[in-house]
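*Asks:* One structure, pasted below without further comment.
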Amino acid sequence: MTDTEPKTADEHREDGAPQEAADAPVVPSATTDPPPVVEFKGVTKTYSAGKKNAFTAIRDINFRVEDRPDTGEFVAVLGPSGCGKSTLLRLIAGLKPQHPATEGEVLVDGEQVEGPGPDRGMVFQDYTSFDNRTVLDNVAFGLECRGTGGEEREARSREWIGRVGLDVDKDADKYPYQLSGGMRQRVAIARSLVLHPRIILMDEPFGALDPMTRFRMQDLLVGLWRHLEATVFFVTHSIEEAVYLGERIYLLSSSPGTILQEIEVPPPDRPAQEMQREASFVDTVFGIRETIERLEIEAEATNG
Ligand code: ADP
Ligand code: MG
């Protein structure tokens with residue numbers, strides 16, 4: 001369906017005047033809130049369900065991320081390695097074999113996810129580019145699939161190459177092997193965001209980068225997110241990264257992953273490197289680390 005059209009910000013509230021009270025029931029959608037952008041209802045994923053090697057990766061996950069008209073939300077999904085972060089993210093993306101869930105419902109805009117769709121863009125940790133395509137052709141790939149015409153496709157791709165901080169003139173004709181890890185991840189981000197997905201799914205995208213490059217990429221992402229006004233799900237096992245980037249953090253327990261706690265943190269308002277060495281930031285990180293340890297112990301005690 002055509003749910004990729006962004007709603008204009010000033011359209012959702014014409015004025016405060018109440019409607020004429022009608023005797024017949026009015027169309028209910030005029031007053032109902034839009035469905036959450038993403039909602040999980042009792043979602044469990046068991047790999048190889050019903051077989052001897054059945055393995056439950058996430059269990060009974062429930063959350064909802066509301067639709068915010070002109071700014072998307074930045075959700076960080078934080079948890080230890082193997083706790084099911086990628087499983088959760090790929091369920092939203094509708095990617096197999098994570099999709100479909102074994103139990104429960106995964107809803108995007110109130111509709112069950114049936115598979116991948118252009119409303120959801122994914123960025124993985126390993127820089128997923130086509131080795132045999134130039135930077136420009138990598139970024140243009142999605143538009144090409146969509147049938148966007150040559151000139152517009154090139155213009156938009158070049159625009160996004162610039163947006164992610166690459167040099168259009170110098171880098172557009174390079175091949176992935178000629179780029180550093182950070183640059184390749186910029187290409188991967190441009191490739192996904194050139195399509196203006198409403199939901200951006202990022203799976204430890206900066207996990208393989210050196211600390212300085214990582215700070216720069218975090219700053220880049222914050223800027224892009226504000227520009228796109230999309231809802232972001234950002235998976236990481238770095239507490240610092242989750243606290244810096246997220247507005248809301250879902251803390252996952254170790255396997256089988258379940259949401260231990262939802263934490264609200266202030267959004268980033270300064271460059272990553274600056275903010276992350278401030279005492280208040282370090283305190284927040286420390287507090288969350290303690291919370292994780294405490295909740296893990298409690299969870300273990302109740303689960304046996
Ligand atoms: P994370 O991203 O948090 O590291 P994953 O979601 O990748 O965790 O995996 C969660 C658990 O599920 C892990 O123990 C992993 O080994 C297991 N798992 C992931 N994918 C599969 C699969 N396709 N088949 C079987 N087990 C899987
Ligand atoms: Mg993972």
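*Asks:* Considering only segment 220-236, I want to know if a residue exists there that is of a type outside the set (A, V, I, L, M, F, W, C), closer than 30 Å to E300 by Cα and surrounded by 19 or more Cβ atoms within 10 Å (Cβ to Cβ).
*Replies:* yes
*Asks:* Give me a count of the residues in segment 189-204 that are within 16 Å of ligand 2 (Cβ to nearest atom) and either within 16 Å of G223 (Cβ to Cβ) or not acidic (D, E) (or both).
*Replies:* 2
*Asks:* If A242 satisfies all but one of (1) modelled with pLDDT of 95 or more; (2) within 16 Å of ligand 2 (Cβ to nearest atom); (3) out of contact with any strand residue (DSSP E or B) (no Cβ under 9 Å at 6 or more places or on another chain), what's the number of the condition it fails?
*Replies:* For A242, the failing item is (3).
*Asks:* Tell me, which residue of segment 117-169 that is hydroxyl-bearing (S, T, Y) and out of contact with any helix residue (DSSP H, G or I) (no Cβ under 6 Å at 6 or more places or on another chain) is nearest to L179 (Cα to Cα)?
*Replies:* So, considering only residues that are hydroxyl-bearing (S, T, Y) and out of contact with any helix residue (DSSP H, G or I) (no Cβ under 6 Å at 6 or more places or on another chain), the one nearest to L179 (Cα to Cα) is T134.
*Asks:* Name the pairs whose Cβ atoms lie under 8 Å apart, with the first residue in segment 31-50 and farther than 30 Å from E229 by Cβ, the second surrounded by fewer than 15 Cβ atoms within 10 Å (Cβ to Cβ) and modelled with pLDDT under 95, and 6 or more positions between them or separate chains?
*Replies:* none
*Asks:* When you check R270 against the structure, is it assigned by TED's automatic domain parsing to the domain that holds G42, in a helix (DSSP H, G or I) and of a type in the set (K, R), yes or no?
*Replies:* When the stated conditions are applied, R270 does not pass them.
*Asks:* While we're on this one: Would a scan of segment 84-94 turn up a residue that is within 16 Å of ligand 2 (Cβ to nearest atom), closer than 10 Å to L252 by Cβ, assigned by TED's automatic domain parsing to the domain that holds L224 and among the hydrophobic types (A, V, I, L, M, F, W, C)?
*Replies:* yes
*Asks:* Here is a follow-up. Give the residue that is farthest from the chain's Cα centre (by Cα), with candidates limited to residues of segment 152-172 that are among the small types (G, A, S) and not in a helix (DSSP H, G or I).
*Replies:* So, considering only residues that are among the small types (G, A, S) and not in a helix (DSSP H, G or I), the one farthest from the chain's Cα centre (by Cα) is A172.
*Asks:* Restricting to segment 66-85, what's the tally of residues that are under 14 Å from the mean Cα position of the chain (by Cα) and crowded, with 22+ Cβ neighbours inside 10 Å?
*Replies:* 6
*Asks:* Still on this structure, please answer the following. Which residues, taken from segment 51-82, are among the small types (G, A, S) and either outside the structural domain of E204 (by TED's automatic domain parsing) or touching a residue at least 12 places away in the same chain (Cβ under 8 Å) (or both)?
*Replies:* Within segment 51-82, A57, G72, A76, G79, S81, G82 qualify.
*Asks:* Which residues, taken from segment 52-90, are part of a loop (DSSP other than H, G, I, E, B) and within 15 Å of ligand 1 (Cβ to nearest atom)?
*Replies:* K52, N53, A54, G79, P80, S81, G82, C83, G84
*Asks:* On to the next question. When you go through R294, R270, R289 one by one, which is the residue that is loosely packed, with under 15 Cβ neighbours inside 10 Å and within 30 Å of S180 (Cα to Cα)?
*Replies:* One residue alone meets the criteria, R270.
*Asks:* What are the pairs with Cβ atoms under 8 angstrom where one residue, in segment 250-272, is among the acidic types (D, E) and the other, located anywhere, is not in a strand (DSSP E or B)? Sequence gap at least six, or different chains.
*Replies:* Partner pairs satisfying both residue conditions: E264/E247; D269/M275.
The values are calculated or read from the model by the stated rules, or taken from the named source; none is laboratory data. Keep in mind the model is a prediction, meaning the values are calculated, not measured. As a convention, Cβ positions derive from the backbone with ideal geometry for all residues, glycine included, and neighbour counts pool all protein chains shown.
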